[in-house]
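The values are calculated or read from the model by the stated rules, or taken from the named source; none is laboratory data. From a predicted model like this one, the values you see are computed outputs, not experimental measurements. The protein model used for the area step is the full one, side chains on, heavy atoms only, and it has no ligands, DNA or RNA in it. Shrake-Rupley method; radii C 1.70, N 1.55, O 1.52, S 1.80 Å.
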Amino acid sequence: MKKKVEDFLIEFGIYRNLYDFAYICKAIEIIRQSKERMKIMWIYSEVAKEFNSNTARVERGIRHAFSRIDKDSEAWKRLCIKETTNSAVLYTIVTKLRED
């Protein structure tokens, strides 16, 4: 599943060389393992623990990575995202991965 997540992110222009890439992969893993929707700040906190970081750095990194996505690309349009908050994008990606 890790490879599938990585390929999905690369399709959107988020590359492995960014620290943000690892943050997003871990956040997606946390969301996928949960049976219910979690608060985004808790997710940031868990990711921060994993990378010996802090929640603000994780939030900013994920936001930065998502801001670099080409919103006019076909890949982005397939997600049908209405709002571009970190939590909306993360949960939409997880939902899309579950469908595939």
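Across q = 0.11, 0.24, 0.25 Å⁻¹, the chain modelled as identical point scatterers on its alpha-carbon atoms has Debye log10 I(q)/I(0) values of -0.28, -1.52, -1.65, in the order of the q list. Applied to the range 16-32, the Karplus parametrisation 6.51 cos²θ - 1.76 cosθ + 1.60 on θ = phi - 60° returns per-residue 3J(HN,Hα) values of 4, 6, 8, 4, 4, 4, 5, 4, 5, 4, 5, 4, 5, 4, 4, 5, 4 Hz, with x for Gly and Pro. For the chain, with all protein chains in place and a probe radius of 1.4 Å, 48% of the accessible heavy-atom surface sits on carbon or sulfur.
Taking θ as phi - 60° and the Karplus parameters 6.51, -1.76 and 1.60, the scalar couplings of the range 46-56 work out to 5, 5, 4, 4, 4, 10, 6, 10, 10, 5, 5 Hz in sequence order, x denoting glycine and proline.
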